[in-house]
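Okay, so here's the structure we're looking at.
Just so you know, all these numbers are worked out from the coordinates, no wet-lab data involved. All figures in this text were calculated on a predicted structure; none of them were measured in a lab. Backbone-built Cβ (ideal geometry, glycine too); neighbour counts: all protein chains shown.
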Amino acid sequence: MKGKKGQRGFTLVEIAIVLVIIGLLLGAILKGQEMIKSAKIKRLVKQADELRAAAYTYQDLYKYLPGDDPYANGRWTVDGVGDGSGTITGAEGTNYIFDHLQMAGLISGSYTGGPIQPTHAFGGNVWIAYATYGGKTAHWIYFENILGSVARIIDLTYDDGVGNTGSVQNTAGSATYADNVTYTLIIEF
């Protein structure tokens with residue numbers, strides 16, 4: 001079969017130019033995704049720092065940790081009060097702490113009316129509790145649903161890179177982070 005006269009295909013140079021342009025676009029997209037991931041990681045760590053600072057400011061003002069404050073309901077109408085033990089446990093860390101911090105004007109948001117927790121940059125819930133992990137008993141800030149590849153970066157950047165030691169750990173007790181597994185990452189308070 002004969003083609004129409006004057007019809008021609010693409011030259012190798014034209015095809016090469018198109019492939020280079022496609023490669024540049026893909027590279028820019030991948031680089032953009034890495035920049036977004038990096039920004040989310042920095043935001044998560046900053047959120048931990050902000051919560052820690054807000055809690056210590058609350059303690060300076062009212063002599064109790066937020067969530068653990070037995071007199072919080074005397075200052076404001078809040079959902080619950082703590083026992084004044086010096087540790088944030090159970091409902092104190094999941095429910096009351098954010099209510100107390102918000103009522104004191106130390107964090108933004110609305111945490112009254114039940115167990116309402118903030119979320120982090122990767123979408124999971126955040127809470128604080130006193131517990132022992134990796135032989136270390138302390139207050140921990142919990143970040144739910146962190147992908148292993150992200151948890152590894154945070155641990156390597158801000159601690160020792162081992163998932164069950166140091167000031168950044170995971171609640172699974174795993175020393176390593178599997179890429180496609182989600183963890184509850186904890187950062188020492």
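Among the residues of region 68-96, the ones that are surrounded by fewer than 18 Cβ atoms within 10 Å (Cβ to Cβ), in a helix (DSSP H, G or I) and hydrophobic (A, V, I, L, M, F, W, C) come to 1 in all.
Here Gly173 meets the list (1) in a strand (DSSP E or B); (2) over 30 Å from Asp60 (Cβ atoms) almost entirely, failing just condition (1).
Is it the case that some residue within region 90-110 is among the hydrophobic types (A, V, I, L, M, F, W, C) and under 18 Å from Lys40 (Cα atoms)? Show your work before the answer.
Restricting attention to region 90-110, the residues satisfying the condition of being among the hydrophobic types (A, V, I, L, M, F, W, C) are 91, 97-98, 101, 103-104, 106-107.
Filter once more, keeping what is under 18 Å from Lys40 (Cα atoms): none.
Within region 90-110, not a single residue is among the hydrophobic types (A, V, I, L, M, F, W, C) and under 18 Å from Lys40 (Cα atoms).
Residues in region 46-64: is at least one small (Gly, Ala, Ser), assigned to a loop (DSSP other than H, G, I, E, B), touching a Phe, Trp or Tyr at 6+ places or on another chain (Cβ under 8 Å) and closer than 24 Å to Phe143 by Cβ? No, that holds for no residue. Here is the figure for region 97-154: residues that are among the aliphatic types (A, V, I, L, M), in contact (Cβ under 8 Å) with a residue 40 or more places away in the chain and assigned to a helix (DSSP H, G or I) total 5.
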